[in-house]
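The values are calculated or read from the model by the stated rules, or taken from the named source; none is laboratory data. Every value quoted in this text rests on a predicted model; they were computed, and no experiment measured them. Positions of Cβ are backbone-derived with ideal geometry, glycine not excepted, and every protein chain shown enters the neighbour counts. Calculation scope for accessible area: heavy atoms of the full protein, side chains included, ligands and nucleic acids excluded. Shrake-Rupley method; radii C 1.70, N 1.55, O 1.52, S 1.80 Å.
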Amino acid sequence: MSLKSVNDILGVLEKQAQWQEQPLQRLLKCWAEVVGTVVAAHTQPLSIQRDVLWVATSSAAWAQNLTFGRSQLLLKLNEKLPTPLLDIRFSTASWQHSPVTSKQQETVLPSEHPSYLGDQVSHRHVTPDVKDANTAFEHWAKTMQARSHGLPLCPQCQSPTPPGELQRWGVCSLCVAKQL
Ligand SMILES: [Zn+2]
């Protein structure tokens, strides 16, 4: 398999990962643009739970004002998001609890974290620095390992593999591709 096709696969995987795993990151990117710099300075999107966005505000007055205008805000945000939000909740409760320090927003790269075991599920997708096909595969294997915890391992590359692939080829689909 050529480096180009590896990169193509990684590109697709990354898009999927961004859409599936990073709705908050996507939202954070367009938040200031949608709400404006003034509001952005007094708000901090915290999390998205069941399509409801939770936002910390600097004061109860901001929470009240923004709650009042949230329908319009939802329309604007949903134009930019792949998965539409159903509602937004504003609260002063978590203000100053920066999301980067909370457990859900791990900013340390999983591979650099001292307790990294290779199978922890990261909420933050790490863009690989793809230098060659081996690095690319290594990254891909780690990502897949994190997501497909519990699957049987490919006897050739030790990556978790859907049982159907092992039944059909005896190895994972990547190893089959490498043999071609
Ligand atoms: Zn394999």
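Things worth noting here:
- Sole exception among (1) open to solvent by 70 Å² or more (accessible area, probe 1.4 Å); (2) in a helix (DSSP H, G or I); (3) not assigned by TED's automatic domain parsing to the domain that holds Cys175 for Trp54, by number: (2)
- Cβ-Cβ distances below 6 Å connect the following pairs, each with a first residue in the range 70-86 that is part of a loop (DSSP other than H, G, I, E, B), a second residue that is of a type in the set (D, E, K, R), and a separation of six or more residues or different chains: Leu85/Asp51; Leu86/Asp51.
- Residue ranges of helices (runs of 4 or more DSSP H) in the range 115-180 with at least 2 members open to solvent by less than 50 Å² (accessible area, probe 1.4 Å), at pLDDT 60 or above and more than 11 Å from the ligand (Cβ to nearest atom): 133-147
- Hey, Leu74 modelled with pLDDT of 90 or more, open to solvent by less than 40 Å² (accessible area, probe 1.4 Å) and closer than 19 Å to Ala41 by Cα or not: yes
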